1. Looking only at the range 19-37, count every residue that is more than 16 Å from ALA84 (Cβ to Cβ), not in a helix (DSSP H, G or I) and not β-branched (Val, Ile, Thr) and tell me the total.
2. Does ALA175 count as modelled with pLDDT of 95 or more and either open to solvent by 20 Å² or more (accessible area, probe 1.4 Å) or in a helix (DSSP H, G or I) (or both)?
3. Please go through the range 194-218 and pick out each residue that is open to solvent by 10 Å² or more (accessible area, probe 1.4 Å), more than 23 Å from ALA270 (Cβ to Cβ) and not in a loop (DSSP other than H, G, I, E, B).
4. Would a scan of the range 291-314 turn up a residue that is within 13 Å of the ligand (Cβ to nearest atom) and at pLDDT below 95?
5. I need the full set of residues from the range 99-122 which are more than 12 Å from the ligand (Cβ to nearest atom), buried (at least 23 other Cβ atoms within 10 Å of the Cβ) and in a loop (DSSP other than H, G, I, E, B), in order please.
6. Condition first: over 14 Å from the mean Cα position of the chain (by Cα) and within 13 Å of the ligand (Cβ to nearest atom). Now tell me which residues in the range 46-61 satisfy that.
7. Looking only at the range 298-343, which residues are of a type in the set (D, E, K, R) and closer than 26 Å to SER220 by Cα?
8. Mind listing whichever residues of the range 324-349 are assigned to a loop (DSSP other than H, G, I, E, B) and more than 8 Å from the ligand (Cβ to nearest atom)?
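The values are calculated or read from the model by the stated rules, or taken from the named source; none is laboratory data. Quantities reported herein were computed from a predicted structural model and do not represent experimental measurements. Cβ placement follows ideal geometry from the backbone for every residue including glycine, while neighbour counts extend to all protein chains displayed. These area figures cover heavy atoms from the full protein model, side chains too; ligands, DNA and RNA do not enter into them. Shrake-Rupley method; radii C 1.70, N 1.55, O 1.52, S 1.80 Å.
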Amino acid sequence: MSLSNPYKAQNTPPRVVIVGGGCGGIEAARALRDTPVQVILLDRANHYLFQALLYQVAGGMLDAGDIAFPIREVLQKQKNIFVAQAEVTGVDKEKRCVYVSRRKQPISYDYLILATGAQGSYFGHDEWAKFAPGLKTLRDGISLRSKILRAFEMAELQENPESRPELFTFVLVGAGPTGCEMAGALAEMVRDTLQSDFRRFNPGMTRIILIDAAPRVLPSFSPDLSENARGRLEKMGVEVRLGHPVEMIDAEGVTVGGERIRSLNVLWMAGVKASPAGQWLGVETDRAGRVKVAPDLTVPGYPEIFVVGDTALIIGKDEKPLAGVAQVAMQGGSYAGRTISRRVTGQPSLPPFKYFDKGNLATIGRNYAILESGKLKLAGFLANLIWAFIHIYFLLQREDRFVVFLKWTFNYITKRRSSRIIEEPVLCGKTSDEMKEN
Ligand SMILES: Cc1cc2nc3c(=O)[nH]c(=O)nc-3n(C[C@H](O)[C@H](O)[C@H](O)COP(=O)(O)OP(=O)(O)OC[C@H]3O[C@@H](n4cnc5c(N)ncnc54)[C@H](O)[C@@H]3O)c2cc1C
C-alpha cells in the first residue's frame with residue numbers, strides 16, 4: 001500500500017488517517033471496523049496508555065506493561081487498518097495530507113481524525129519542568145517511581161536523616177484527580193509498605209504536601225464530596241494547602257503563598273494544554289490550544305477533518321467546555337468514526353455530537369473513593385469497589401485485566417507494592433549529583 005498522494009490508486013477505498021492511538025483514536029478506529037475504508041493510524045508511541053492508572057506505576061503498585069498495550073495488538077483483528085509508529089509534524093488541509101517526521105513524502109487522506117491528546121503545561125513557567133516532573137507519559141510514570149524510591153534511599157544513606165528533611169518532603173502541585181490519587185498512593189506507601197524496610201530512616205517522618213491555587217481539592221466534584229476527600233487525605237497524613245498559586249519552583253524547593261518549602265521532590269500534578277494540532281491546522285483555538293470544533297466535531301470549513309478528545313474544545317449542554325476526560329475522548333472518537341462510516345456508505349448524517357456523562361470517580365488510597373453520577377453521590381469503600389471494577393473493565397486486554405486484578409488483590413492483602421524497582425543505578429545522572437552534595 002502506498003501512503004502518498006501521487007501514487008494513490010484510483011478506485012481504492014476512501015482513506016481515513018487517524019493521528020493518535022489513545023482513547024479517542026482507538027475508538028474512532030474501532031467504529032470504522034466494518035466500513036469499506038482504508039484506515040491508517042499513526043502514533044508516535046507504539047502503545048495505547050491507560051493514563052488513569054499511571055499514578056499506580058509511579059506509586060509502585062503496577063508495572064508499565066500492565067497499563068500500556070501495543071496498538072498493533074489492540075487492533076490486530078481489524079483487517080482494514082494499517083498501524084505505524086510515526087510522529088506527525090504538520091497537516092496541509094488544502095492538499096489533504098499529513099507530514100510525518102523522518103519521512104519525506106506526506107501521507108494523504110480523504111478523512112482525517114486528529115486525536116493527539118494533551119501535554120503537560122507549567123502555566124508559562126517551562127523552566128519549572130526540570131525541577132518538578134509531571135505525569136503524562138509512560139516514561140513519566142517510570143521516572144517518577146524511581147525519583148520517589150530514590151528519595152527514600154538517599155534518606156537512608158544519611159548519618160542523621162532528620163537533618164535533611166528536604167530529602168523526604170514531597171510537594172505535589174495540583175489537587176485534581178491525579179494529585180489527590182498520587183498523594184493517597186504515596187501516603188499509603190509510606191505508612192504501610194516502607195515501614196519495616198529501612199534502618200536509619202523512619203518513613204513516618206515523610207511529609208506529603210498537596211498544594212493548589214483553587215479553594216478546594218477535586219473541584220470537578222460537588223463541594224461536599226471534595227470536602228470529604230480532603231478530610232480523607234488529611235487523615236492519611238497529607239498536608240493540604242489550598243488557595244495559593246505556586247510562585248516559584250527551583251532545585252531546592254517551592255515557594256507558595258509567600259512560604260518557602262524546602263523539598264527535592266516537587267511533583268507537578270497540575271495543568272495540561274492541548275497538543276499542537278490547532279497550530280498544524282492554522283485554525284482558531286482557545287487559550288489551552290484546543291481546536292474549536294463544529295457540533296459534528298469537524299473543523300469549521302473542513303468537513304473531512306475531525307478533532308476529538310483532549311485536543312478539541314467541545315461545548316457541552318450547560319454551555320461549558322467538556323472536561324478533558326477519557327469518556328469525552330472515547331465518545332468523540334466513536335462519533336467521528338461513525339460519521340465517516342455513514343458518509344462513505346451514503347447513510348443519513350448523525351445528529352450533532354452529544355456527550356453522555358456517566359459520572360465522575362476519584363480514589364484516595366486502597367479503601368476510599370468518591371463517586372458522583374447525576375444525583376448519586378458516594379464516598380468510601382463501596383465507591384472504591386465501583387472505581388476498581390470500572391478501571392479493570394476499561395483496560396483493553398483481557399489478560400491484563402486479570403494481572404491487574406491479581407496485583408491489586410496482592411497489594412490489598414499484603415499492603416506491599418509489587419513494582420518497586422529503581423531503573424537507574426545510583427551514581428549516574430542526577431543521582432550522582434545528589435550524591436556529590438553530601
Ligand atoms: C495522569 C493522568 C490521569 C488521568 N486520569 C483520568 C481518569 O481517572 N479518568 C478519566 O476519565 N480521564 C483521566 N485522564 C484523562 C484522559 O486520560 C484523557 O482525557 C484521554 O486520554 C484523552 O484521550 P485523547 O485520545 O484525546 O488523548 P490520549 O489518550 O492522550 O492519546 C493521544 C495519543 O496521541 C499520540 N500523539 C500525540 N502527539 C502525536 C503526534 N504529533 N504524532 C503522532 N502521535 C501523537 C500520543 O502518543 C497518544 O497515544 C487522565 C490523564 C492523565 C495524564
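1. Qualifying residue count for the region: 4.
2. Values: modelled with pLDDT of 95 or more: yes; either open to solvent by 20 Å² or more (accessible area, probe 1.4 Å) or in a helix (DSSP H, G or I) (or both): no.
Considered against the rule, which asks whether it is modelled with pLDDT of 95 or more and either open to solvent by 20 Å² or more (accessible area, probe 1.4 Å) or in a helix (DSSP H, G or I) (or both), ALA175 comes out as no.
3. Residues satisfying the conditions are GLY204, MET205.
4. No, the range 291-314 has no match at all.
5. TYR109, the sole residue that qualifies.
6. Passing the criteria: ASN46, GLY59.
7. ASP310, LYS317, ASP318, GLU319, LYS320
8. THR345, GLY346, GLN347, PRO348, SER349
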